[in-house]
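See structure below.
The values are calculated or read from the model by the stated rules, or taken from the named source; none is laboratory data. From a predicted model like this one, the values you see are computed outputs, not experimental measurements. Backbone-built Cβ (ideal geometry, glycine too); neighbour counts: all protein chains shown.
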Amino acid sequence: MERKALGKGIGALIPEKEIATRNEIIYVQSDQIKPNPFQPREEFNQEHIDELAQSIKEKGVIQPLLVRRRGDSYELIAGERRLRACKSLGLKEIPIIVKDIGDRDSLEYALIENIQREDLNPIEEAHAYQHLIDKFQVTQEKIGEALGKGRTTIANTLRLLRLPYEIQEEMKKGRISFAHGRALLEVQDENLQRRFAQDIIAKELSVRELESLIKMRRPKSMRRKISPSVREPFLAVLEEEMQHRLSTKVRISKQKKRGHIFIEFYSQEDLERIAGIIRGGK
């Protein structure tokens, strides 16, 4: 059976019978739609919203917003950027599809939409995973199945929440990457983590350069314990970074100077999505 673009999708976390199948499009007043309290994205790029608004102005709202009923109004499930763009244009009526779903479903819909349409930063993604685990007791394996990611990738994303608050904030701003954060987790001293983070920003360190600095700061006794046969740490970090960027499983095989990169896809649509990212598209 053909898999959905991001693994098994919402059905992996929520039984099919709990998801409404009705897809009737109706039009409502924009002020009737309230924000999604489970929205995983904490920061929105205003320039992207303005570009979307221009597109909507020229072509209209091509894809309806996904909502659920809340009394006399509606609560947004997916489509926050579209809603903001519509409101900036002063549109009075917006097309919606109403779903009868619960809180957990609402969070996962919003999470999957953000990953498919415009990447969450690593910290926003980690918070969303942690919320699924804490509030709904969803396992890392189930999250991975739903999003087409390995359990290790989910676990490593969650580990970013162990970094000091200041470093997490820099990751939100995009000044420190997922791969840099992953490497910083190998440092036990939080103050040393902060110093390395400052160097990443000030000196524009690559991940390989950061790993070299971290290795130099290790006690000599620890360096001798590292076996030369162990897989290069940089490969594991790069593999996880690519999985995070492409939202699919990636495996890197390297022998001396040569090797292969294996990228999984689960449908024609998924292949085109991945190809678009590699070509530099949205």
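For segment 51-77, the set of residues classified as without any contact (Cβ under 8 Å) to a residue 40 or more places away in the chain and in a strand (DSSP E or B) consists of L65, V67, R68, R69, R70, listed by residue number. Within segment 28-50, the set of residues being surrounded by 12 or more Cβ atoms within 10 Å (Cβ to Cβ) and either assigned to a helix (DSSP H, G or I) or basic (K, R) (or both) comprises S30, Q32, K34, R41, H48, I49, D50.
Need at least 1 residues that are of a type in the set (F, W, Y), closer than 24 Å to E80 by Cβ and in contact with a helix residue (DSSP H, G or I) (Cβ under 9 Å, 6 or more places away or on another chain) per element, so show me which helices (runs of 4 or more DSSP H) inside segment 115-192 make the cut, counting only ones lying wholly within it.
122-136, 178-184
Taken as a whole, segment 77-86 holds at least one residue that is more than 27 Å from H244 (Cβ to Cβ) and more than 16 Å from the chain's Cα centre (by Cα).
Only a single criterion out of (1) at pLDDT 85 or above; (2) surrounded by fewer than 17 Cβ atoms within 10 Å (Cβ to Cβ) is not satisfied by V230, namely (1).
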